[in-house]
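The values are calculated or read from the model by the stated rules, or taken from the named source; none is laboratory data. The structure presented is a predicted model; accordingly, all values stated were derived computationally and were not measured. Cβ: placed from backbone, ideal geometry, glycine included. Neighbour counts: every protein chain shown. These area figures cover heavy atoms from the full protein model, side chains too; ligands, DNA and RNA do not enter into them. Shrake-Rupley method; radii C 1.70, N 1.55, O 1.52, S 1.80 Å.
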Amino acid sequence: DIEFKNVSFSYDGKQKILDQISFKVNKGETIAFVGSTGSGKSSIINVFMRFYEFQEGQVLIDGIDIRRYSQEALRQSIGLVLQDPFLYHGTIASNIRMYQDISDQEVKAAAEFVDADQFIQKLPNQYDAKVTERGSSFSTGQRQLLAFARTVASKPKILILDEATANIDSATEEIVQRSLAKMRQGRTTIAIAHRLSTIQDANCIYVLDKGKIIESGRHEDLLEKQVTYYKINQFAAGMIDNA
């Protein structure tokens, strides 16, 4: 269970980037945040991961203040998937393992779980295939699938998706979406959404504007209200139609 209670945060101590943010997500549920650039979406993740310390309010995990967890314990329980996954010089296996004590079988199982195994098996050296810095020889979707496998291998209890599908190429989008759905099962998930199609089944969607929550509800309920979320959805649909 994750809960934010009246959390306010400022990078400079003057301008509030988050202003009295409150929400709760129960174990195994998925919530999502949408809003324009600068609305505070990524700042919620920065606060939750304790990349920055917040000034007011409380953040709780299973009812315990987040500040009572060590940084190590906190980050071991969280899997963070970013919009632009970073791959390191090495092999497919070393990029999934990421210096953790994980067997070859566990590496392969993680890749199979997120369907990364489909393209890995086609590589000349499969899991021993060389990876250059940033993984430039792989497509965006393939890099994201490797990042998913890396996340699954670490067995996190909480999943953070920060625009994880924003740059996915159409060739792997269906695989990535299916993999994401499997990753979310049994995990408490917080998603920052660029593509609204990825969050339509979220238990609750929060619309942010200037650091405040201005709307919340399920996808269908927010569309019925025909306010901000409805406009965001209409705009996104127009972008797709015009592509």
Applying the selection to region 191-217, what residues are at pLDDT 90 or above and β-branched (Val, Ile, Thr)? Ile205, Val207, Ile213, Ile214
Screening Phe48, Phe119, Phe113 for residues that are under 15 Å from Thr151 (Cβ atoms) and among the aromatic types (Phe, Trp, Tyr) leaves only Phe113
Quick test of your reading of the structure: Phe86 fulfils all but one of (1) in contact with a Leu (Cβ under 9 Å, 6 or more places away or on another chain); (2) of a type in the set (A, V, I, L, M, F, W, C); (3) surrounded by fewer than 14 Cβ atoms within 10 Å (Cβ to Cβ). Name the failing condition by number. (1)
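Do you know which residues across region 70-102 are without any contact (Cβ under 8 Å) to a residue 24 or more places away in the chain and under 18 Å from Phe9 (Cβ atoms)?
Step one: list which residues in region 70-102 are without any contact (Cβ under 8 Å) to a residue 24 or more places away in the chain, which gives 70-73, 99, 101.
Across region 70-102, the qualifying residue is only Gln71.
When the residues of region 18-50 are narrowed to those that are part of a loop (DSSP other than H, G, I, E, B) and either modelled with pLDDT of 90 or more or closer than 20 Å to Met183 by Cβ (or both), which ends up least open to solvent (accessible area, probe 1.4 Å)?
Ranking the candidates gives Met49 first.
State whether the residues of region 103-117 include one that is touching a strand residue (DSSP E or B) at 6+ places or on another chain (Cβ under 6 Å) and of a type outside the set (Lys, Arg). Working first, answer last.
Here is the first cut: in region 103-117, the residues touching a strand residue (DSSP E or B) at 6+ places or on another chain (Cβ under 6 Å) are none.
No, that holds for no residue.
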